[in-house]
């Protein structure tokens, strides 16, 4: 069975654009994952109060035969391959890959929460996500979240 997943990907260390492209390529190189659509790149203001450089963010729509937990394992492998270090919570990182939605499943365990609990609080997630959604229910929900989000940080398109 093919599962539909939506990811948020961000980088603010090193060659940020190269990091995003490499993450998307590594996803697509996995035989059990097909990257269907990648959003334009957005430059975004960091959140969380840690002084750091601006982020580049994208959203990715993919289909996969993996389960949500197997996909999470692949994302962690990609983060390791791109030398992600988890030193400061909400701090700078070479790459950050998060599962936003996995089908319409609700998953809540010690390793994974889907839908991602921060979606509605992050313009840098909502705006690129709208570029890749192909699910009417999620499009409506995301548009509503964008109208009501408490996040007022700037998000600007970098490349079409």
- prompt: What FRET efficiency do you get for residue 137 and residue 15 if R0 is 30 Å and r is their Cβ-Cβ distance, rounded to the nearest 0.05?
  reply: 0.25
query: Given only helices, namely DSSP H runs of n ≥ 4 each adding -39500 (n - 2.57), what is the per-residue ellipticity at 222 nm of the chain, to the nearest 500 deg cm²/dmol?
result: -10000 deg cm²/dmol
task: Calculate the spin-label point distance for residue 53 paired with residue 83, positioning each point 7 Å from the Cα along the beta-carbon direction, and give it in nanometres.
output: 1.2
task: Return 149, 44, 65 ranked ascending by Cβ neighbour count within 10 Å, so the fewest neighbours appear first.
output: 65, 149, 44
- request: Give me 11, 39 ranked fewest to most by other Cβ atoms within 10 Å of their Cβ, as a rough exposure proxy.
  value: 39, 11
message: Once each part is reduced to its C-alpha centroid, what is the distance from region 137-157 to region 1-48 in angstrom?
response: 19
task: Along Cα→Cβ, 7 Å out, is where each label goes; now give me the distance between the ones at residue 45 and residue 112 in nm to one decimal.
output: 3.4
task: Describe numerically, in nm with one decimal, the distance between label points set 7 Å from Cα along Cα→Cβ at residue 67 and at residue 103.
output: 1.2
query: Given that compact globular proteins tend to follow 2.2 N^0.38 Å, what is the ratio of the alpha-carbon Rg of the chain to that value?
result: 0.96
query: Taking square-rooted eigenvalues a ≥ b ≥ c of the alpha carbon gyration tensor, is region 98-139 rounded, prolate or oblate, where a/c under 1.5 means rounded and, failing that, a/b exceeding b/c means prolate?
result: oblate
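Bear in mind that the values in this text are calculations on the coordinates, not laboratory data. What you see is a predicted model, and the numbers here were worked out from it, not measured in a lab. A quick note on method: Cβ atoms are made from the backbone with ideal geometry, for glycine too, and the neighbour counts reach across all protein chains shown.
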